[in-house]
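A quick write-up on the structure given underneath.
The values are calculated or read from the model by the stated rules, or taken from the named source; none is laboratory data. Computed from a predicted structure; not experimentally measured. Ideal geometry is used to build each Cβ from the backbone, glycine not excepted, and the neighbour counts take in all protein chains shown. Ligands, DNA and RNA are stripped out before the accessible areas are found, and what is left, the full protein with its side chains, is counted by its heavy atoms. Shrake-Rupley method; radii C 1.70, N 1.55, O 1.52, S 1.80 Å.
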Amino acid sequence: MGKIMIIKGLRKVYRMGKEKVIALDHVDLDIEEEKVYCLLGPSGSGKSTLLNMMAGLEPPTKGSISFKNLKIDKMNESDLANFRRRHIGFIFQSYNLIPTLNALENITMPLLFKGVHPKVRHKVGMEMLDAIGIKDRWRHKPTEMSGGQQQRVSLARAFINDPDIIFADEPTGNLDTKTANTMMMLMLGLVKERRQTLIIVTHNEELAVFADYVIHIRDGNIYEIVMNADKKKVDHSTTEI
Amino acid sequence: MRIKDLIMVSMRNLWRRKLRTSLTILGVVIGTASIVLMVSLGIAMNQNFIKEIERMGSLTTINVYPSYRYDPMMDKNPSGGSVDEGMITDMTVASFESIPGVAIASPVLELSLKMTADKYVSWIQLKGIKPALLEVQKLKIAEGRLLEEQDKLAFLFGSEVAYGFYDPLSSGGGMWYYQEGNEERMPPPVDLMTARLKASYDMNFGEKAPPGGTGMKPVRPYNITAIGIIEGQGEHAYSVYTTLDQARAIKIEQDRYNASVSGTETSGTGSKKKTVETYNNAIVQVEDIDQVETVIETIKGMGFEAYSLMEYLKSMQNTSNAIQMVLGGIGAISLLVAAIGITNTMIMSIYERTKEIGVMKVIGAKMKDIKKMFLIEAAMIGFLGGATGLVISFGGSKILNFVGKNISLFGMGGGGVDTQLSVIPLWLYILAIVFTTLVGLISGYLPAVRAMKLSVLSALRTE
Ligand SMILES: Nc1ncnc2c1ncn2[C@@H]1O[C@H](COP(=O)(O)OP(=O)(O)OP(=O)(O)O)[C@@H](O)[C@H]1O
Ligand SMILES: [Mg+2]
């Protein structure tokens with residue numbers, strides 16, 4: 001199985017006036033294709049920071065991130081935008097739907113930016129809504145939907161582009177356990193079906209069982225990576241299998 | 001992003017904030033309407049000036065008159081030469097002709113005559129000139145031909161002269177066959193080219209003899225041939241031209257007749273002083289419009305009065321330019337205020353939509369798409385404001401013209417039934433709409449760039 005992302009010596013420092021906050025340091029990580037990863041760790045450990053840098057939302061202070069043969073750390077704003085449009089999907093904890101657009105319009109936003117014809121957008125969007133089971137709500141605005149429904153829309157929006165890799169920052173953080181579970185199943189189903197890579201940040205250890213690999217982060221460092229299939233612990237310095 | 005989608009998204013965003021959008025648009029409407037109306041006033045003014053000047057004649061013609069100093073009582077030339085300075089003679093005309101830039105100079109010998117054409121009668125002002133002058137002026141002929149040096153008792157008529165003829169026997173008076181405001185004029189009462197023409201310096205000629213007679217011996221009229229009619233409404237429209245020689249011949253007989261009628265042979269100014277013939281005025285035709293001013297200066301320097309329509313046009317244009325500057329400035333200020341309004345609105349909506357911009361960036365918006373989205377919004381405000389402003393300008397212009405027809409504001413009618421207070425040509429409409437759209441684009445540019453450059457994460461974190 002090939003590697004879709006390779007991270008080497010990653011470091012992120014936030015400067016707050018004179019004070020330095022080291023959010024991440026000495027992070028090396030290889031992401032394999034078509035696998036599900038779970039980033040697990042206490043609050044403030046740097047999970048979101050790592051995810052955002054992998055998704056090209058913010059630049060690292062030091063180190064390199066490559067996606068296939070693209071050097072993400074070397075990209076400018078415009079290249080990053082292109083990278084995101086072509087290769088990634090992103091799911092937020094707080095859904096982040098556009099309040100003025102209905103479900104269908106929200107879902108098809110990425111296609112809009114790709115310049116897809118409206119008719120095609122409609123067709124693809126409706127199929128997607130069908131796949132996540134809220135086809136009958138396509139006309140609803142975000143405020144007219146439950147949290148679970150909103151997160152489904154947000155999920156559909158991340159998948160509609162058929163990206164190579166999907167990032168989700170605590171996608172079930174705002175949902176109850178039952179909804180969170182169905183949400184996870186939905187996500188995993190889609191990822192497996194489409195042979196995509198998924199990286200999820202979560203607090204919830206119960207959800208971690210769904211992942212192929214669980215990456216434990218503490219104080220800005222990866223201290224272990226657990227492969228779930230046989231529950232074998234993998235030392236992080238020898239991630240390669 | 002497809003351009004249609006961009007426009008659609010921008011429209012929706014404008015619609016989302018209906019009140020704010022319409023207030024911003026209102027600012028542009030007021031700015032556009034004031035600028036367009038102000039400019040339309042200036043355009044109308046200029047058009048009226050040009051119309052008026054076209055009515056008056058050619059810009060390269062200079063009319064030269066004897067100096068006002070030529071007054072025997074106030075003659076400052078005590079040496080008392082045979083010819084006073086400032087009188088127009090063949091010699092002075094020759095000196096005008098030698099001024100650089102002058103194509104031709106001709107003296108004008110004017111005579112008041114009475115004419116008949118068949119049964120119709122008219123007073124005319126006959127001008128004796130060098131026939132070559134009319135050629136140089138590129139005079140256009142509607143019928144017949146131009147004057148020639150050897151023509152005898154042959155007159156060339158202006159296009160309006162025929163309308164001056166009336167039937168002395170008809171009671172209806174109506175000497176002018178001219179109906180105000182009516183484009184379709186009646187034809188003149190007589191066709192000068194075919195009628196039998198006679199002319200006389202006797203002012204009773206052609207009229208009904210008063211009962212009991214005038215007690216004067218009738219003068220034998222001249223039989224006149226019409227050689228042509230001048231085309232158009234210009235300075236020549238009311239003129240009757242003949243050669244200098246012909247005018248001079250008639251004048252000599254007229255002087256003799258006048259002397260005999262008044263019986264005071266001694267009063268004749270000619271016998272004592274007139275060793276050199278003087279003329280009423282002279283016409284100097286300049287080759288190029290740029291030379292008119294210097295030629296006028298030269299002639300004035302020689303001690304004559306010289307006028308051309310150029311001076312008139314200049315002073316009118318100066319006035320009109322000054323007025324246009326002020327009017328345009330007032331309009332421009334209101335549009336500037338509107339432009340600031342657009343910028344403000346755009347900054348406000350970017351501020352409100354920061355998070356949305358962040359989300360759009362994460363889910364695949366290009367940098368340029370974000371910029372375009374806001375630019376189109378701003379341009380749309382400019383365009384809609386411009387379009388509405390033009391509708392209002394159109395109405396305002398109509399109202400101004402309606403009011404202007406009843407009150408002559410500039411008092412420069414000149415028979416101008418069609419004088420308009422406000423003129424909006426098509427180019428002004430197009431220019432205005434392009435300009436306001438451009439103003440929108442420019443006003444929206446900085447906010448749009450700001451939106452484009454928003455950092456993804458900080459945008460996402462704003463609430
Ligand atoms: N924009 C920022 N400016 C300054 N410090 C920041 C910024 N973003 C994150 N940090 C700091 O970096 C560290 C890691 O933050 P991060 O958001 O990655 O944590 P997290 O693991 O996602 O926590 P949580 O589970 O609570 O979301 C924290 O100490 C945080 O205070
Ligand atoms: Mg986090």
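Here are some notes:
- Of the residues in the range A:22-41, none is open to solvent by 40 Å² or more (accessible area, probe 1.4 Å) and among the hydroxyl-bearing types (Ser, Thr, Tyr).
- Candidate set from the range B:121-135 (those that are more than 14 Å from B:LEU156 (Cα to Cα) and open to solvent by less than 40 Å² (accessible area, probe 1.4 Å)); member that is nearest to the chain's Cα centre (by Cα): B:SER122
- When the range B:438-463 is limited to residues that are open to solvent by less than 20 Å² (accessible area, probe 1.4 Å) and farther than 22 Å from A:ARG85 by Cβ, the one that is nearest to ligand 2 (Cβ to nearest atom) turns out to be B:PRO447.
- The sole residue among B:VAL93, B:VAL108 that is at pLDDT 90 or above, over 21 Å from B:THR194 (Cβ atoms) and in a strand (DSSP E or B) is B:VAL108.
- Among the residues of the range A:83-98, the ones that are over 18 Å from A:LEU175 (Cα atoms) and either within 7 Å of chain B (Cβ to nearest Cβ) or among the hydrophobic types (A, V, I, L, M, F, W, C) (or both) come to 5 in all.
So that you can scan it fast, the table gives a plain yes or no per residue for (1) within 16 Å of ligand 2 (Cβ to nearest atom); (2) surrounded by 19 or more Cβ atoms within 10 Å (Cβ to Cβ); (3) touching a residue at least 24 places away in the same chain (Cβ under 8 Å); (4) not in a loop (DSSP other than H, G, I, E, B):
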site: A:SER43; (1), (2), (3), (4): yes, no, yes, no
site: A:MET53; (1), (2), (3), (4): yes, yes, yes, yes
site: A:GLY89; (1), (2), (3), (4): no, yes, yes, yes
site: A:THR108; (1), (2), (3), (4): no, yes, yes, yes
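- Applying the condition of being in a loop (DSSP other than H, G, I, E, B) and in contact (Cβ under 8 Å) with a residue 60 or more places away in the chain to the range A:55-87 and asking which residue is farthest from ligand 1 (Cβ to nearest atom) yields A:LYS68.
- Among the residues of the range A:82-101, the ones that are of a type in the set (S, T, N, Q) and closer than 25 Å to A:ALA180 by Cβ come to 3 in all.
- Residue in the range B:322-341 that is within 14 Å of chain A (Cβ to nearest Cβ), under 30 Å from A:ILE98 (Cβ atoms) and not aromatic (Phe, Trp, Tyr) present: no
- Contact map, the range B:103-132: residues that are closer than 16 Å to B:GLN246 by Cα and in the same structural domain as B:ARG248 (by TED's automatic domain parsing) paired with residues that are open to solvent by less than 20 Å² (accessible area, probe 1.4 Å) and in a loop (DSSP other than H, G, I, E, B), Cβ distance under 7 Å, separation 6+ or inter-chain. Pairs shown: B:LYS127/B:SER239; B:PRO131/B:LEU147.
- Just one of the numbered conditions (1) within 14 Å of another protein chain (Cβ to nearest Cβ); (2) under 21 Å from B:MET11 (Cα atoms); (3) of a type in the set (Val, Ile, Thr) is not true of B:THR345: (1).
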